[in-house]
Amino acid sequence: MRSIIIDCDPGQDDAIALLLAMSSPDELKILGITAVAGNVPLELTERNARLMCDIAGRTDIPVFAGCAQPLRRKLRTAENVHGRTGIDGADIVEPKQLLEAQHGVDFIVDALLAAEDDSITLVPTGPLTNIAMAIEKKPSILRKINEIVLMGGAMREGGNSTPSAEFNILVDPQAADIVFCCGRPTTVMGLDVTHQVLATPERRDRIRRIDNNAGRATAGMLDFFNRHDTAKYGSPGAPLHDPCTVAYLLKPELFEGKHCNLAVETESELTMGHTAVDFWHVTDRPRNVLWMHAVDADGFYALLIDRLSRYENA
Ligand code: RIB
Ligand code: CA
């Protein structure tokens, strides 16, 4: 059993990562979900996270709103990818799940301070603003973190938001720099691996046959989420970026990685947010991340479909 905190910016792929995590209470104890501004503004990312708790029947999991802006830069959103609501394709209703009054950063600090050393896994799937703020606010939380498993960055794939940068890192490069330099074991699902788990028509058909609310919401979100990347890359389906983090927690053997140095560009506007991954160890910089570069895509979708199918047919 892992105790985890998911920090996210739903976004269809974050939403599916939440549904995957909430479907697996025997393996994952979700202490809380913190929302951050990213794909859409904070008031939508927190609302979308709460909606997923309703769909999953997991209103036992507290949801917190974190930072509405990056540490230093102006917020950049991605409605062109995710739609105006952030989870276009899902039925949008006012969630039953309430929003906690506590700020998400304070929740992360308090939850970690209350935990044993090396006992909490952080699972960020959006810009790293909340995580960085928590570390800056209370550095003593670091020893409580046993692993950070995040979605972000790119090496061979190049950037998806500028020629050099992946969206999560680009939105808040300063925050990413703080996290990648924090010294805790950090496993990184960059575009190099997420672009291998494409929601092809065959896979979407199998998801569409899941007869429950989680399956229906996932199928609807994928129908919308698919259109942007298939047009942009000419690929047979959109990459399911964020669920790679949760799939790794549930079945790490699906993935292959290599310990490397990863450094973030925080100065040049041309390459802002670029993740320089020293895959071939051409420098003596510390190997601060486990860089994931291969995944069993069929195994990933088999896991996702199996776990989504576990929800009651509501
Ligand atoms: O670049 C992909 C990442 O940016 C994903 O986390 C997606 O949800 C967006 O936040
Ligand atoms: Ca995300």
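The values are calculated or read from the model by the stated rules, or taken from the named source; none is laboratory data. The structure displayed is predicted, hence computed values, not measured ones. Positions of Cβ are backbone-derived with ideal geometry, glycine not excepted, and every protein chain shown enters the neighbour counts. Please note that ligands, DNA and RNA were not included when accessible areas were found on the heavy atoms of the full protein model with its side chains. Shrake-Rupley method; radii C 1.70, N 1.55, O 1.52, S 1.80 Å.
Below are the figures for this structure:
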| quantity | calculated |
| --- | --- |
| Per residue, in Å², the accessible surface of the chain once ligands and nucleic acids are set aside, probe 1.4 Å | 38 |
| Amide H contacts under 5 Å for Ala154, placed H, 5+ residues apart | Glu166, Leu191, Thr275 |
| Local net charge near Glu147, Cβ-Cβ under 12 Å (Lys/Arg +1, Asp/Glu -1) | +2 |
| Protection proxy ranking, peptides 208-214, 290-296, average beta carbon neighbours within 10 Å, highest first | 290-296, 208-214 |
| Förster-model FRET efficiency, 35 Å R0, Ala101 and Asp306, C-beta, rounded to 0.05 | 0.45 |
| Listed peptides 267-273, 150-156 by packing density, highest first (mean Cβ within 10 Å) | 150-156, 267-273 |
| Size-normalised alpha-carbon gyration radius of the range 225-286, reference 2.2 N^0.38 Å | 1.50 |
| Spin-label pair Arg208/Arg76, simplified geometry with 7 Å Cα→Cβ offset, distance in nm | 3.5 |
| Surface accessible to a 1.4 Å probe, Ser119 within the full protein complex, Å² | 40 |
| Unit charges on C-beta of K, R, D, E only; dipole of the range 174-314, Debye | 460 |
| Computed label-point distance, nm, for sites Thr59 and Tyr233 using a 7 Å Cα→Cβ extension | 3.7 |
| Within the chain, helix-based [θ] at 222 nm, where runs of 4 or more DSSP H residues each add -39,500 (n - 2.57), nearest 500 | -10500 deg cm²/dmol |
| Carbon + sulfur, % of accessible area of the chain - ligands and nucleic acids excluded, 1.4 Å | 50 |
| Three-way shape label, the chain, alpha-carbon gyration tensor, a/c 1.5 | rounded |
| The range 1-73 shape via C-alpha gyration tensor axes, a/c threshold 1.5 | prolate |
| Mean projection area, nm², convex hull over Cα of the range 172-211 | 4.9 |
| Sequence-separation-based contact order of the range 14-122, relative, with Cα cut under 8 Å and 6+ spacing, percent | 30 |
| Computed magnitude of the charge dipole of the range 39-174 (debye, nearest 20; Cβ of K, R +1, Cβ of D, E -1) | 440 |
| Candidate residues Cys182, Cys244: accessible-area rank, largest first, probe 1.4 Å | Cys182, Cys244 |
| Between the range 258-284 and the range 23-94, the Cα center-to-center distance that results, in Å | 28 |
